[in-house]
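**Student:** Pasting in a structure now, in C-alpha cells, and then I'll have a few things to ask.
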Amino acid sequence: MASLQEAARLATRTALEPFGRMPDDVDLTLGTHWEEDEVVFELYIAKDQPTDAVVLTEARVNQYDGQVRSVRVFEKAIAGVMAKERS
C-alpha cells in the first residue's frame, strides 16, 4: 500500500504544480478507497460532516501493477483554497 500511495503522491504533486504552493494553514486529509482493481486516493479538506468535505484531487492507482491510471484536480476547489490565502 505504501508504494501505491507514493505513486499517487508524486503524480498528484506534479498535477498540482501549475496551481502554486498550497497555503501552510490548510489542513489536508488523505482518504483511500477501492474501486475494482484501483486504489483511489483523495486529497481533501475535512469538515464537520463528511458530505461537506472539499475534495481537491483524486488519484487512481492500479493495485496490481502500481501504475497511476489518472489524476483529477478539482480546479474550482483549488481556486477556492488559493483565493482564501490571498484575502
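The values are calculated or read from the model by the stated rules, or taken from the named source; none is laboratory data. These numbers were taken from a predicted model, which means no experiment stands behind them. Neighbour counts run over all protein chains shown; Cβ positions are idealised from the backbone, glycine included. Side chains are part of the model used for accessible areas, which takes the heavy atoms of the whole protein and leaves out ligands, DNA and RNA. Shrake-Rupley method; radii C 1.70, N 1.55, O 1.52, S 1.80 Å.
**Student:** Could you look at the chain and say what percent of its accessible area is carbon and sulfur, using a 1.4 Å probe and all protein chains? Mind showing how you got there, number by number?
**Tutor:** Values: 2840 of 5900 Å².
Solvent-exposed carbon and sulfur of the chain make up 48 percent of the total.
**Student:** Still on this model: Give me the distance in nm between label points sitting 7 Å out from Cα along the Cα-to-Cβ direction at GLU35 and MET82, one decimal.
**Tutor:** Those two pseudo-labels are separated by 2.5 nm.
**Student:** If you don't mind, another one. Determine, for each peptide in 24-35, 70-81, the mean count of other beta carbons within 10 angstrom over its residues, then list the peptides with the highest first. Each step should come with its number before you reach the end.
**Tutor:** Values: 24-35: 10.4, 70-81: 14.3.
So the peptides 24-35, 70-81, ranked by packing, come out 70-81, 24-35.
**Student:** Now, a different point. Using R₀ = 35 Å, calculate the FRET efficiency as 1/(1 + (r/R₀)^6) where r is the Cβ-Cβ separation of ASP65 and ASP24; round to 0.05. It would help to have the intermediate numbers written out before the result.
**Tutor:** Working: r = 35 Å, r/R0 = 1.00.
Rounded to the nearest 0.05, the efficiency is 0.50.
**Student:** Next question. In Å², what does the accessible area per residue of the chain work out to with a 1.4 Å probe? Spell out each step's value before the answer.
**Tutor:** Details: 5900 Å² over 87 residues.
Solvent-accessible surface per residue comes out at 68 Å².
**Student:** Can you give the three extents of the C-alpha atoms in the chain along their principal axes, from longest to shortest, in whole Å?
**Tutor:** Principal extents (largest minus smallest coordinate, Cα): 44, 30, 19 Å.
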